[in-house]
Amino acid sequence: MTARRAAARAEDDFQALFHNAGVGITLVDASTWRFIRVNEMYSTIIGRSEADLLRSTVGDVTHPDDWEADVGQLNRLVRGEIPSYSVEKRLLRPDGSAVWVRINAHPVRDETGRVARTVSVVEDIGPRNAAEHALQDRADQRVMRAAEDDGVDARQLERRGGLADGGDRG
């Protein structure tokens with residue numbers, strides 16, 4: 001196989017992976033945090049078109065309460081202080097609702113070794129979080145029933161921290 005054919009095959013393999021991945025994938029400019037490229041799954045997760053995302057920055061789609069921690073990690077990644085990072089955060093959909101995701105970000109260096117871009121794999125963890133909350137709710141209910149069966153006031157149990165989060169799952 002010639003070098004040209006091998007390069008073409010590698011590009012075809014990359015395109016297939018990028019476009020058919022079951023997770024979101026983004027390529028972001030490391031100096032502006034502007035999206036350079038996103039796959040269809042990322043667009044689906046966040047509910048935004050590719051065209052809209054390519055006019056946006058990471059900050060534009062990150063929940064304000066999550067931005068400070070995220071940009072701190074991004075800056076550490078670009079400065080070479082960490083080889084990669086993983087974070088769970090909320091992304092904003094166009095309607096203002098948030099979706100929980102896990103992001104694994106890695107640097108992409110240019111020919112001089114400078115971090116020019118970041119590539120991230122983005123997984124929608126909303127369903128997992130919902131399942132964990134449902135399991136915790138059931139466990140809290142069992143504890144409350146057992147406490148009531150033993151004559152303990154469930155409100156006292158909540159005040160004493162006997163439940164995972166005071167029983168409030170609103």
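The values are calculated or read from the model by the stated rules, or taken from the named source; none is laboratory data. Values in this document were obtained by computation on a predicted structure and should not be read as measured data. In this analysis, Cβ positions are derived from the backbone assuming ideal geometry, glycine residues included, and neighbour counts consider all displayed protein chains. Surface accessibility is based on the protein's heavy atoms, side chains included, excluding ligands, DNA and RNA. Shrake-Rupley method; radii C 1.70, N 1.55, O 1.52, S 1.80 Å.
Taking a probe of 1.4 angstrom, what is the accessible area of ASP124 in Å², to the nearest 10?
60 Å²
From zero up to wherever the largest Cα-Cα distance of the stretch 33-113 sits, split into 5 Å bins and tell me the percent of pairs in each.
In whole percents, the pair-distance histogram is 3, 14, 24, 26, 19, 9, 4, 1, 0.
Please state the shape class of the stretch 70-117: rounded when a/c is under 1.5, otherwise prolate if a/b exceeds b/c and oblate if not, all from the C-alpha gyration tensor.
Here the stretch 70-117 falls in the prolate category.
At 0.36 nm per residue, and after removing the present C-alpha to C-alpha distance, how many nm does the segment from LEU54 to GLN15 gain when stretched out fully?
Values: separation 39, 0.36 × 39 = 14.04 nm, distance 1.81 nm.
In short, 12.2 nm is gained.
Heavy-atom accessible area per residue, the stretch 1-132, 1.4 Å probe: how many Å²? List each step's numbers first, then the result.
Working: 7460 Å² over 132 residues.
So the stretch 1-132 comes to 57 Å² accessible per residue, rounded to a whole number.
Under the √(5λ) rule applied to the eigenvalues of the Cα gyration tensor, what semi-axes describe the equivalent ellipsoid of the stretch 4-55? Give them in Å, descending. Walk me through the numbers on the way to the answer.
Values: eigenvalues 105, 43, 12 Å².
Working from the Cα gyration tensor, I get semi-axes of 23, 15, 8 Å.
How charged is the neighbourhood of LEU54? Take every other residue with its Cβ under 9 Å from the Cβ of LEU54, and add Lys/Arg as +1 and Asp/Glu as -1.
+1
Between SER84 and ILE125, how many nm apart are label points set 7 Å from Cα along the C-beta direction?
Result: 1.5 nm between the two label points.
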